[in-house]
Amino acid sequence: MESRKPPPSALVDNHVVPGDVVLDLTEMTNQTIKLGAGLRQDCDTIQTTSAGRLRLSKPNKYWVESSQKRYIPSVEDTVLGVVVDTKPDNFLVDIKGPNLAFLPVLAFEGGTRRNIPKFEIGTLIYARVVKANSIMNPELSCMDATGKAAEFGQLKDGYMFDTSTGLSRMLLSSPTCPVLEALGKKLSFEIAVGLNGRVWVNAPSPSNVIVVSNAIIKSESLSGIGQRSMVESLLERLS
């Protein structure tokens, strides 16, 4: 049975299954394509390796969005990791993937041997995946592409919880997803979302942390209108 091969744009935001051909590279000369989770290159085509919805982040990053607990690392993903061990040259970090990730001790803005971060086991880190393949441990960095710390590094206080990878991508979507937009109009809070299915929330009061966390968890199966209605209901109980 041959794989389906519609025009590239036709499958964006539509459901795909393993083996679907989503891009024909012979029709996309002089373009650089970035592949995320659920996609692989086979000669001159890009095919899916998992079921879900094909997504496009302009100008040129494609991935398959699926609501699953398992995370497959992909280069440029932002992740929330937990330090599980320290070595002379690396921190070993759990990012919910098949293997532990390496975070080099110098992968921080201005990092030198004289100012290596002191992370204890259990420290929560917001990082970027810089290397990922099926035969090696992923490598992380706490710098953006320009070498700046940006938002990356240790996350202190707050509350971290697990979600599906699909919910994580929804929270990072543009424009701002309804649940975060509705919460942001009424509450003050900080949030960091990892594409590996982890979310960190911090707020001035524990009750606000609980409301924001519960709203996010409940939002996955709701429409935009449903998300806003659910947030209003939670906020009424808070007042």
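The values are calculated or read from the model by the stated rules, or taken from the named source; none is laboratory data. The structure presented is a predicted model; accordingly, all values stated were derived computationally and were not measured. Neighbour counts run over all protein chains shown; Cβ positions are idealised from the backbone, glycine included.
Beta carbons closer than 6 Å, at least 6 apart along the sequence or on distinct chains, pair a first residue in the stretch 126-143 that is in a strand (DSSP E or B) with a second that is among the polar types (S, T, N, Q) for Arg128/Thr78; Arg128/Ser141; Val130/Ser141; Ala132/Ser74; Asn137/Asn99.
The residues of the stretch 121-159 that are over 17 Å from the mean Cα position of the chain (by Cα), of a type in the set (S, T, N, Q) and within 15 Å of Gly97 (Cα to Cα), listed by number, are Ser134, Asn137. When Thr112, Thr176 are screened for being over 27 Å from Gly52 (Cβ atoms) and among the β-branched types (Val, Ile, Thr), only Thr112 passes.
Counting only residues that are surrounded by 21 or more Cβ atoms within 10 Å (Cβ to Cβ) and either touching a residue at least 60 places away in the same chain (Cβ under 8 Å) or of a type in the set (Ser, Thr, Tyr) (or both), the stretch 214-231 holds 1 of them.
Any idea which residue in the stretch 151-172 is modelled with the highest pLDDT, counting only those that are in contact with a Lys or Arg (Cβ under 9 Å, 6 or more places away or on another chain) and part of a loop (DSSP other than H, G, I, E, B)?
At the first step, the residues of the stretch 151-172 found to be in contact with a Lys or Arg (Cβ under 9 Å, 6 or more places away or on another chain) are 152, 160-166, 168-169.
Imposing the further condition that a residue be part of a loop (DSSP other than H, G, I, E, B) reduces the set to 152, 163-164.
Values: Phe152: 95, Thr163: 91, Ser164: 86.
Residue satisfying both the conditions and the ranking: Phe152.
For the stretch 46-88, a residue qualifies if it is outside any loop (DSSP other than H, G, I, E, B), surrounded by fewer than 19 Cβ atoms within 10 Å (Cβ to Cβ) and hydrophobic (A, V, I, L, M, F, W, C), and the qualifying residues are Leu56, Val82, Val84.
The set of residues in the stretch 117-162 being of a type in the set (Gly, Ala, Ser), under 18 Å from Leu35 (Cα atoms) and loosely packed, with under 14 Cβ neighbours inside 10 Å consists of Ser134, Ala145.
Looking at Leu238, Leu187, Leu195, Leu172, which one is more than 17 Å from Ala127 (Cα to Cα), among the aliphatic types (A, V, I, L, M) and surrounded by 14 or more Cβ atoms within 10 Å (Cβ to Cβ)? The match here is Leu187.
Taking the listed residues Val199, Val211, the one that is closer than 28 Å to Pro73 by Cβ and at pLDDT 90 or above is Val199, with no other qualifying.
In the stretch 46-87, of all residues being among the charged types (D, E, K, R) and touching a strand residue (DSSP E or B) at 6+ places or on another chain (Cβ under 8 Å), the one that is modelled with the lowest pLDDT corresponds to Lys69. Entry remark, the stretch 10-45: residues being exposed (fewer than 15 other Cβ atoms within 10 Å of the Cβ), at pLDDT below 85 and part of a loop (DSSP other than H, G, I, E, B) number 9 in total. Counting residues in the stretch 107-115 that are assigned to a loop (DSSP other than H, G, I, E, B) and crowded, with 16+ Cβ neighbours inside 10 Å gives one or more.
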